[in-house]
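Enquirer: Sharing a structure here in structure tokens format.
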Amino acid sequence: MRHITQDGIDLIKRFEGFSSSVYICPAGYPTIGYGHLVRDYESFEEISQEQAEALLRTDVESAERAVLRLIKVPLTDGQFDALVSFTYNLGSGALQCSTLRRKVNRQAHGEVPAQLMRWVWAGGRKLNGLVKRRYCESSVYGTL
């Protein structure tokens, strides 16, 4: 199975940010570490950055599998990293039903930034952090 590069992991870490304790993310979910969604059965007091990165690497596998399943064309490392970051942030359902996926599968790579920039809303608000993240994903994808 193909995996995200360290640059891709660093991109996710940069935008997820680190929290040693549980907090509520802008979309309203309990989260810890680098964007790990806390499940009902999980109990965390505090975690280290090393523990958070281990959780991230486990969590990102789901996003990697989704990209591999949904994207039918060859991808560069940067393209794969950008799509895994997007999918990690929004979930595989967002990629599956998106025009972004259709554009990538048609190899309309020049249209990818505009499609990424459609996904900058959380909790009914346009978030500056998501605008920056999508811009960086576009850059990593190789279209800027």
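Enquirer: G142: surrounded by fewer than 16 Cβ atoms within 10 Å (Cβ to Cβ) and under 20 Å from Y29 (Cα atoms), yes or no?
Expert: When the stated conditions are applied, G142 does not pass them.
Enquirer: Hey, among the residues in the stretch 115-132 that are among the small types (G, A, S) and surrounded by fewer than 15 Cβ atoms within 10 Å (Cβ to Cβ), which one's nearest to L68 (Cα to Cα)?
Expert: Restricting attention to the stretch 115-132, the residues satisfying the condition of being among the small types (G, A, S) are 122-124, 129.
Next, only the ones that are surrounded by fewer than 15 Cβ atoms within 10 Å (Cβ to Cβ) stay: 123-124, 129.
On the way: G123: 28, G124: 30, G129: 26 Å.
Of everything passing the filter in the stretch 115-132, G129 is nearest to L68 (Cα to Cα).
Enquirer: Name the single residue, out of those in the stretch 96-114 being over 18 Å from the mean Cα position of the chain (by Cα) and not charged (D, E, K, R), that is surrounded by the most Cβ atoms within 10 Å (Cβ to Cβ).
Expert: Per the criteria, the residue is H109.
Enquirer: Of everything in the stretch 27-47, what is polar (S, T, N, Q) and out of contact with any strand residue (DSSP E or B) (no Cβ under 7 Å at 6 or more places or on another chain)? Give them in sequence order.
Expert: S43
Enquirer: Let me ask another. Just to verify a result, which residue in the stretch 1-50, among those that are under 27 Å from S139 (Cα atoms) and of a type in the set (G, A, S), is modelled with the lowest pLDDT?
Expert: A27
Enquirer: Let me ask something additional. Taking the stated definitions as given, is L144 assigned to a loop (DSSP other than H, G, I, E, B), within 17 Å of G8 (Cα to Cα) and either basic (K, R) or modelled with pLDDT of 95 or more (or both)?
Expert: For L144, the condition - assigned to a loop (DSSP other than H, G, I, E, B), within 17 Å of G8 (Cα to Cα) and either basic (K, R) or modelled with pLDDT of 95 or more (or both) - is not met.
The values are calculated or read from the model by the stated rules, or taken from the named source; none is laboratory data. Keep in mind that what you see is a predicted model, and the values were worked out from it rather than measured. FYI the Cβ positions are ideal-geometry reconstructions off the backbone, even for glycines, and counts take in every protein chain you see.
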